[in-house]
Amino acid sequence: MPAAPSDGAPALHVESLDVTYGRALSALRSVSLTVPPGAVVALLGANGAGKTTLLRAVSGTLRLHRGAVTAGRVRYGDTVLDGRDPVAAVRAGVVQVPEGRRVFAGLTVDENLRAGGLGLNRRAPDQVREARERVFTLFPRLAERTRQAAGLLSGGEQQMLAIGRALMAAPRLLLLDEPSLGLAPMMVDRIAGVVREINAQGTAVLLVEQNAGMALSLAAHAYVLEVGEIGLSGSAAELARTDAVRRLYLGETTDAADGKGAA
Ligand SMILES: Nc1ncnc2c1ncn2[C@@H]1O[C@H](COP(=O)(O)OP(=O)(O)OP(=O)(O)O)[C@@H](O)[C@H]1O
Ligand SMILES: [Mg+2]
């Protein structure tokens with residue numbers, strides 16, 4: 001099994017980042033966050049908090065959405081990523097799986113996977129084959145459906161394909177935007193298992209989720225975005241114990257948290 005080794009992989013540093021859309025809309029204010037090499041870090045927050053915006057700022061896709069970094073810095077090791085394009089991020093080893101599992105519906109599973117390696121021109125064919133085998137080992141269901149149109153896959157299978165397509169670029173850091181959204185609990189468990197496996201193979205993961213239970217079970221460290229600013233951060237275990245996270249993101253009532261929540 002080919003692994004993307006975390007040995008010698010850099011850390012992601014987001015430093016005091018400000019992002020705006022258009023002229024006026026401030027989406028992120030002074031956001032700082034670190035993803036150490038080989039770690040899983042969770043980013044939680046309500047709708048509109050700015051989670052997707054942060055991933056866009058890292059993956060170089062912000063400009064495609066008329067957004068811009070107006071202050072601060074995104075560094076992956078020595079490579080500055082803010083203000084660069086998606087190809088620069090992919091070359092540095094940083095790949096985003098977009099929200100809403102945007103696969104190319106009219107293309108086959110295989111064609112979607114091939115598209116995932118395109119940022120890296122002139123890769124050796126055996127590297128592409130290796131990456132493809134890694135995807136099929138992680139997602140045997142995709143291996144059975146290589147010629148099926150992606151649009152005909154189930155929601156869970158499309159999420160697998162979206163992740164698989166990102167893995168074709170052999171990322172060292174995978175940016176995952178709400179992979180559990182709209183999936184049945186069993187499929188959420190499968191996706192969680194896959195994230196664990198991808199990480200065990202050496203790929204760091206920045207995991208955006210509204211499913212805090214799932215995210216905190218996978219992550220070592222977590223951040224909570226509140227309307228464009230980091231409200232809370234800490235070890236996943238610590239955050240899972242705070243009343244705010246239990247109430248807002250783990251769906252617990254105050255009663256259930258009684259006597260257990262951190263003061
Ligand atoms: N392309 C865009 N143009 C203008 N405003 C945008 C754009 N994309 C996002 N925003 C705004 O930026 C803010 C943060 O949005 P973002 O999509 O990052 O939130 P989110 O935390 O990912 O939310 P969700 O959980 O709903 O996906 C919101 O106020 C949103 O309306
Ligand atoms: Mg989002």
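The values are calculated or read from the model by the stated rules, or taken from the named source; none is laboratory data. What you see is a predicted model; the values in this text were computed from it and never measured. As a convention, Cβ positions derive from the backbone with ideal geometry for all residues, glycine included, and neighbour counts pool all protein chains shown. For the accessible areas, the whole protein counts, side chains as well, though only heavy atoms, and no ligand, DNA or RNA atoms are used. Shrake-Rupley method; radii C 1.70, N 1.55, O 1.52, S 1.80 Å.
The residues of the range 69-111 that are open to solvent by 20 Å² or more (accessible area, probe 1.4 Å), without any contact (Cβ under 8 Å) to a residue 60 or more places away in the chain and under 17 Å from Leu153 (Cβ atoms), listed by number, are Phe104, Ala105, Gly106, Leu107, Thr108, Asp110, Glu111.
Considering only residues in the range 173-200 that are open to solvent by 10 Å² or more (accessible area, probe 1.4 Å) and of a type in the set (Val, Ile, Thr), the one that is farthest from ligand 1 (Cβ to nearest atom) turns out to be Val194.
Taken over the range 218-230, residues that are outside any helix (DSSP H, G or I) and open to solvent by less than 40 Å² (accessible area, probe 1.4 Å) amount to 6.
Six or more apart or on different chains, Cβ under 9 Å: which pairs go from a residue in the range 114-141 that's in a loop (DSSP other than H, G, I, E, B) and at pLDDT 85 or above to one that's among the small types (Gly, Ala, Ser) and open to solvent by less than 30 Å² (accessible area, probe 1.4 Å)? Could you list them? Here the result reads Phe139/Gly164, each pair linking the range 114-141 to a residue that is among the small types (Gly, Ala, Ser) and open to solvent by less than 30 Å² (accessible area, probe 1.4 Å). Of the residues making up the range 77-92, those that are in contact with a Gly (Cβ under 7 Å, 6 or more places away or on another chain) and not charged (D, E, K, R) are Leu81, Pro86, Val87, Ala88, Ala89, Val90.
In the range 15-45, which residue that is under 16 Å from the mean Cα position of the chain (by Cα) and within 16 Å of ligand 2 (Cβ to nearest atom) is nearest to Leu218 (Cα to Cα)? For the range 15-45, the residue satisfying everything is Ala42. Taking the conditions (1) within 16 Å of the chain's Cα centre (by Cα); (2) at pLDDT 95 or above; (3) closer than 17 Å to Pro171 by Cβ in turn, Pro86 satisfies each one other than (2). Within the range 237-263, the residues that satisfy the criterion of being part of a helix (DSSP H, G or I), under 25 Å from Val19 (Cβ atoms) and either at pLDDT 75 or above or within 21 Å of the chain's Cα centre (by Cα) (or both) are Leu239, Ala244, Val245. Residues of the range 1-46 that are within 13 Å of ligand 1 (Cβ to nearest atom), open to solvent by 20 Å² or more (accessible area, probe 1.4 Å) and either at pLDDT 95 or above or small (Gly, Ala, Ser) (or both): Asp18, Thr20, Tyr21, Gly22, Ala24, Ser26, Arg29, Ala46. For the criterion of being within 16 Å of ligand 1 (Cβ to nearest atom), hydrophobic (A, V, I, L, M, F, W, C) and open to solvent by 10 Å² or more (accessible area, probe 1.4 Å), Leu55 fails.
Residue count for the range 5-37 under the criterion of being part of a strand (DSSP E or B) and on the phi > 0 side of the Ramachandran plot: the result is 2. Listed by first and then second residue, the pairs linking a residue in the range 45-68 that is within 22 Å of Met214 (Cα to Cα) and outside any helix (DSSP H, G or I) to a residue that is at pLDDT 95 or above and within 6 Å of ligand 1 (Cβ to nearest atom), with Cβ atoms under 6 Å apart and 6 or more places separating them unless they lie on different chains, are Gly45/Lys51; Gly50/Ala27. When you look at Gly156, is it within 16 Å of ligand 2 (Cβ to nearest atom), at pLDDT 90 or above, open to solvent by less than 20 Å² (accessible area, probe 1.4 Å) and over 29 Å from Gly8 (Cβ atoms), yes or no? Criteria not met by Gly156.
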